[in-house]
Amino acid sequence: MSSLADLAGVGRDVQVRGLRVTVTGVSARGLASLFRRFPDLVGAVTGAGLNISSLVDMGPEVLAAVIAAGTGSPDDEQAEAVADRLGMSDQLSLIEAILSETFAGDPEGFMKRLENLAGAVGVQTGPAAD
């Protein structure tokens with residue numbers, strides 16, 4: 001039988017500049033932190049997952065923060081600085097893997113499950129009522 005401890009460090013390896021970087025995806029804590037720091041990021045998360053063009057429009061600091069969070073270093077200024085200095089191709093490779101790991105390869109299904117959970121605990125989803 002496995003335990004949560006067996007999952008430590010489990011993820012997907014991505015080759016970046018000849019090194020293997022482990023991508024674990026963004027955890028609930030990491031996502032909450034990103035939403036607090038970048039409120040516009042909430043709007044980029046849609047029923048189809050993360051809208052990449054919205055993410056790019058928000059600026060390189062958001063991309064760097066998502067990369068740091070998705071590689072196990074949320075809110076780590078040093079990790080964000082390294083992510084910010086990577087070339088766009090390397091950033092894109094990491095973002096693709098992070099999205100896949102975060103949304104378990106099924107962003108639409110993930111968002112539906114999240115909406116169902118929110119509804120079950122009484123949280124309204126969708127557009128806010130005026």
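Annotations
- Long-range HN-HN contacts of Val16 with modeled amide H, under 5 Å: Val21
- Under 5 Å, built H, 5+ apart or other chain: amide partners of Val26: Thr102
Laboratory data are not the source of any read-out in this text; all were calculated from the coordinates shown. Predicted, not measured: the structure shown is a model, and the values here were computed from it.
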